[in-house]
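The values are calculated or read from the model by the stated rules, or taken from the named source; none is laboratory data. Being a predicted model, the structure only gives us computed values, none of them experimental. Here the Cβ is made from the backbone with ideal geometry for all residues, glycine too, and neighbour counts use every protein chain on show.
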Amino acid sequence: MIGLIWITRVEPSQGQAPTVQPSQPQLITAPPVSTQPRVLTFTLSLSEPDDLKVRQGDYVASGDVLADRTRERSALQAQLQKTQISLQRIQNQQVLNPPQPLPVPPISGLPPVYYGTQEAAIAAIEDNIDLQKRKIDLLGTMKPAEVPPAMREHEDRILEKLYRDLELAKAEFSQAQEQRAFQEYEHSLAMARRAEEANQQRLMHSQQLQQAEQQRREKAFQEAQLQAQVEDINAKLIDLSTVRSPYAGTIRRVKWLGQSDNRLSVEITLSIGGGPSPDAFTVQPLPVPGPGQP
């Protein structure tokens, strides 16, 4: 800001009053006093010596620049442009909400439990065992001469094989049950994983929403900061007003007063030309009496 202190001294023009002769009274008009100051002294606050645009002895016309902080104004204008670009860039940024998570694909259920094949095989073997036992019992009721030893051994081997087949069928049935239990366990794990995946997606979506909201708050904060900076710079630019001479005249003296708070103070004395109008001293004579008049 360029400080300005005006100190004026008004010096009315001096003139000789016309002599009034006693024999002829005259009307004397007082000269008008000019309201324009003859000498004007004021103090300016500058950033650097180059801000002063006049020197002692310079003639200035009314409206000529006396002081202007050009370098500081250029720096502020560059700073203003940079800040406005940053503000425009922030304002153009868009903060979008994250898309909704895709639904977790469902897991198909297990087929119904069915052990009919294994149960039927076991039942058939058990029936064959009963039948083979009766057959062997029947051979036991016959006379040894009627039953060759090889026949008895053959039927016994058949019964033994049926028992082995029964054990194998029961083992297959047990294996089918264990496999079903394992499938149900795997299915429960898959369902738990899908549920956890769905929960993770919901949690991630919630976090993304919070991040988007945080970004919007930061964007609004940055906009407010930059807008405040723009207003502050504009206010500083307004304060950097150019000091112009109110009158035409000659710079009589330039006196540097000192420095305070990085500001230079200078006192300028302007000698202003002009004065009272010459017509102000014009004397209008009184009328002269004629013959016969008192």
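How many of the residues in segment 188-210 are free of Cβ contacts under 8 Å to residues at least 40 places away in the same chain, farther than 22 Å from Ser108 by Cα and not aliphatic (A, V, I, L, M)?
Qualifying residue count for the region: 3.
Enumerate the pairs (first residue in segment 165-187 and free of Cβ contacts under 8 Å to residues at least 60 places away in the same chain and in a helix (DSSP H, G or I); second residue anywhere and surrounded by 11 or more Cβ atoms within 10 Å (Cβ to Cβ) and among the β-branched types (Val, Ile, Thr)) with beta-carbon separation below 8 Å, excluding pairs fewer than 6 apart on the same chain, so at least 6 apart or on different chains.
Between residues of segment 165-187 that are free of Cβ contacts under 8 Å to residues at least 60 places away in the same chain and in a helix (DSSP H, G or I) and residues that are surrounded by 11 or more Cβ atoms within 10 Å (Cβ to Cβ) and among the β-branched types (Val, Ile, Thr), the close pairs are Asp165/Ile125; Leu166/Ile122; Leu166/Ile125; Leu166/Ile129; Ala169/Ile122; Ala169/Ile125; Lys170/Ile122; Phe173/Ile122.
Could you grab me the full set of residues in segment 118-130 that are out of contact with any Leu (no Cβ under 6 Å at 6 or more places or on another chain) and either surrounded by 13 or more Cβ atoms within 10 Å (Cβ to Cβ) or outside the structural domain of Glu178 (by TED's automatic domain parsing) (or both)?
Initial filter on segment 118-130 (out of contact with any Leu (no Cβ under 6 Å at 6 or more places or on another chain)): 118-124, 126-127, 130.
Of everything in segment 118-130, those that are out of contact with any Leu (no Cβ under 6 Å at 6 or more places or on another chain) and either surrounded by 13 or more Cβ atoms within 10 Å (Cβ to Cβ) or outside the structural domain of Glu178 (by TED's automatic domain parsing) (or both) turn out to be Gln118, Glu119, Ala121, Ile122, Ala124, Glu126.
Need the failing condition index for Ser108 against (1) of a type outside the set (Asp, Glu); (2) in contact (Cβ under 8 Å) with a residue 40 or more places away in the chain; (3) more than 20 Å from Arg253 (Cβ to Cβ); (4) not in a helix (DSSP H, G or I), just the number.
Result: Ser108 fails condition (2) only.
Scan segment 208-257 residue by residue and report those that are in contact with a Pro (Cβ under 9 Å, 6 or more places away or on another chain) and assigned to a helix (DSSP H, G or I). Step through it out loud before you land on a result.
Taking segment 208-257 and keeping what is in contact with a Pro (Cβ under 9 Å, 6 or more places away or on another chain), we get 208-209, 211-212, 247, 256.
Matches in segment 208-257: Gln208, Leu209, Gln211, Ala212.
Pairs, please: C-beta under 9 Å, at least 6 apart or cross-chain, first residue more than 11 Å from Pro49 (Cα to Cα) and assigned by TED's automatic domain parsing to the domain that holds Thr41 and in segment 252-268, second in a strand (DSSP E or B) and aromatic (Phe, Trp, Tyr)?
Glu267/Phe42; Glu267/Trp256; Ile268/Phe42
Could you list, in sequence order, the residues of segment 20-63 that are part of a loop (DSSP other than H, G, I, E, B) and at pLDDT 80 or above? First the steps, then the outcome.
Filtering segment 20-63 for residues part of a loop (DSSP other than H, G, I, E, B) gives 20-25, 28-38, 47-48, 53-58, 61-63.
Scanning segment 20-63 gives Arg38, Ser47, Glu48, Lys53, Val54, Arg55, Gln56, Gly57, Asp58, Ala61, Ser62, Gly63.
Which condition from (1) more than 42 Å from the chain's Cα centre (by Cα); (2) without any contact (Cβ under 8 Å) to a residue 12 or more places away in the chain is the one that Val54 breaks?
(2)
Considering only residues that are part of a helix (DSSP H, G or I) and surrounded by 11 or more Cβ atoms within 10 Å (Cβ to Cβ), which ones fall in segment 131-153? Quick ask: steps written out before the conclusion?
Filtering segment 131-153 down to residues part of a helix (DSSP H, G or I) leaves 131-141, 149-153.
Scanning segment 131-153 gives Leu131, Gln132, Lys133, Lys135, Ile136, Leu138, Leu139, Met151, Arg152.
Being of a type in the set (Asp, Glu) and surrounded by 12 or more Cβ atoms within 10 Å (Cβ to Cβ) is true for just one of Glu186, Glu178, Glu218. Which residue is that?
Values: Glu186 fails: surrounded by 12 or more Cβ atoms within 10 Å (Cβ to Cβ); Glu178 fails: surrounded by 12 or more Cβ atoms within 10 Å (Cβ to Cβ).
The match here is Glu218.
Within segment 144-185, track down each residue that is among the acidic types (Asp, Glu) and more than 18 Å from Asn128 (Cβ to Cβ).
Let us first name the residues in segment 144-185 that are among the acidic types (Asp, Glu), namely 146, 153, 155-156, 160, 165, 167, 172, 178, 184.
Result: Glu146, Glu153, Glu178, Glu184.
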